[in-house]
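Colleague: Please see the structure below; I have some questions.
Just so you know, all these numbers are worked out from the coordinates, no wet-lab data involved. In this text the structure is predicted, and so the values were computed from the model without any measurement. Virtual Cβ from ideal backbone geometry, glycine too; neighbours counted across all protein chains shown.
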C-alpha cells in the first residue's frame, strides 16, 4: 500500500517562528503536493512539485516556501509563522505515469496552531 | 475555482443507498469526474472516477449523465463509517497543472 506520512499530527508554534512540515512518501511518486484545509474553504493548493528540486506555486503560496531535495520528501516551510496560518496541512503524492488514472494519496494531516 | 456544485449536506439511513449528486455543467470533453471522500481527522481518500461510462468498484458506483453535465455517486449500502465529506472533482488535464481542485463537498451523515 502507498504510504504518505507527515512528521507531526499536531503542532503548536509561536508567531514569528520558522516552521517545517515534513512529508514522506514510499511509492517513488514524482508529484507531491501541499494543501491547507480550513472550515468553509475546503482544500486549497499551496505548492506542488513534479520532480526533485522542481516546484510550482499553487493557489495560495504567499507566506510559504517548499523544498524537494529528494524524491520521497517534500517539505513545507513557514518562514515566519502567523496566526492566519493556523490550519490543517495535508500532503499528497501521485505519479503521472498512467495519465488516465489519477489518484492522489494523502497523508493524515498536520494540525498547526500558531499562537 | 471549483468547477463543480454539490449540496452542502445530506443524510442517509444505515443500510440504505446514499446517492450524492454533482453538477459539472462546464466540463470539457477530455475531463474526468473524480470522487474523493474525507473522513473526520483523516486525509482525503480516492473513491472512483469516470469519463462518460458508468463505473463501479468495491466502494461505489458512478453514474454520469449522457451530456456529462452531472453525475451521481452511489454508496449502495451505507454504513456509519461512510459518514464523511464527499468531494466531486473535475480533473484539469492538458495544458494545466496536475493538481486537483477541491470544492466544499457534501457532508454525508449516515444515521443508525
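Colleague: Inside 10 Å of the C-beta atoms of A:103-114, what's the mean count of C-beta atoms belonging to other chains? Before the final figure, lay out the partial values.
Modeller: Numbers: counts 8, 10, 4, 7, 2, 3, 5, 0, 1, 0, 0, 0.
Counting other chains' Cβ atoms within 10 Å and averaging over A:103-114 gives 3.
Colleague: Pick from A:65, A:93, A:75: which is most flexible by mean-square fluctuation in a GNM of chain A where alpha carbon atoms under 10 Å apart are linked?
Modeller: In this elastic network of chain A, the residue with the biggest mean-square fluctuation among A:65, A:93, A:75 is A:65.
Colleague: Between B:36, B:86, B:46, where does the largest GNM mean-square fluctuation fall for chain B, given springs only between Cα atoms within less than 10 Å?
Modeller: Result: B:46 has the largest fluctuation of those listed.
Colleague: Turning to a different aspect of this structure: For region B:11-69 and region A:13-52, what is the centre-to-centre distance using only Cα atoms, to the nearest Å?
Modeller: 25
Colleague: Right, another one. Relative contact order (percent) for region A:1-67, with alpha-carbon contacts under 8 angstrom and 6 or more residues of separation?
Modeller: Numbers: 82 pairs, mean separation 14.5, N = 67.
Result for region A:1-67 is 22 percent.
Colleague: Within 10 Å of each Cβ in A:45-57, how many Cβ atoms from other chains are there, averaged over the peptide? Walk me through the intermediate numbers first.
Modeller: Values: counts 5, 0, 0, 3, 0, 2, 0, 0, 0, 0, 0, 3, 1.
Mean inter-chain Cβ contacts per residue within 10 Å come to 1.
Colleague: Percent antiparallel among DSSP beta bridges with both residues in the protein assembly as shown, to the nearest 5? Intermediate results must be reported in sequence, preceding the final value.
Modeller: Details: 61 of 70 bridges.
Antiparallel bridges make up about 85 percent of those DSSP assigns within the protein assembly as shown.
Colleague: Got the relative contact order for chain A handy, in percent, Cα pairs under 8 Å and 6 or more residues apart?
Modeller: Values: 296 pairs, mean separation 41.1, N = 115.
Across chain A, relative contact order equals 36 percent.
Colleague: Could you check the spin-label model distance between residue A:115 and residue B:23? Points 7 Å from the Cα along Cα→Cβ, value in nm.
Modeller: Inter-label distance under the simple model: 4.5 nm.
Colleague: Give the peptides A:56-62, B:39-45, B:103-109 in descending order of average Cβ contacts within 10 Å, highest first.
Modeller: On the way: A:56-62: 13.7, B:39-45: 15.6, B:103-109: 19.3.
Ranked by mean Cβ neighbours within 10 Å, highest first: B:103-109, B:39-45, A:56-62.
Colleague: Separation between the residue B:72 and residue A:30 pseudo-spin-labels, each 7 Å from Cα along Cα→Cβ, expressed in nm?
Modeller: Here the modelled spin labels are 3.8 nm apart.
Colleague: Going by how many other Cβ atoms sit within 10 Å of their own, how do A:14, A:36, B:91 line up, fewest first?
Modeller: Values: A:14 10, A:36 24, B:91 19.
Result, fewest neighbours first: A:14, B:91, A:36.
Colleague: Just need log10 I(q)/I(0) for chain A at q = 0.14, 0.21 Å⁻¹, Debye formula, equal scatterers on the alpha-carbon atoms, no solvent, rounded to two decimals.
Modeller: -0.52, -1.15
Colleague: Another question, if that's okay. What does the average come to when, for each residue of peptide B:37-49, you count the partner chain Cβ atoms lying within 10 Å of its Cβ?
Modeller: That average works out to 4.
Colleague: Here is a further query. Among B:88, B:12, what is the fewest-to-most ranking by other Cβ atoms within 10 Å?
Modeller: Details: B:88 28, B:12 19.
In increasing order of surrounding Cβ atoms, one gets B:12, B:88.
Colleague: Express the relative contact order of chain B as a whole percentage, based on alpha carbon pairs under 8 Å and six or more residues apart in sequence. Before the final figure, lay out the partial values.
Modeller: Working: 276 pairs, mean separation 41.2, N = 112.
About 37 percent, as a whole number.
Colleague: Continuing with this model, one more query. Name the most mobile residue of A:16, A:63, A:40, meaning the one with the largest mean-square fluctuation, in a Gaussian network model of chain A with Cα contacts below 10 Å.
Modeller: Per the Cα network of chain A with a 10 Å cutoff, A:40 tops the list.
Colleague: Shifting gears a bit: Evaluated at 10 °C with a viscosity of 1.306 mPa s, what Stokes-Einstein diffusion coefficient in µm²/s does the protein assembly as shown have when Rh comes from the Kirkwood expression over alpha-carbon pairs?
Modeller: Once the numbers are plugged in, D ends up at 87 µm²/s.
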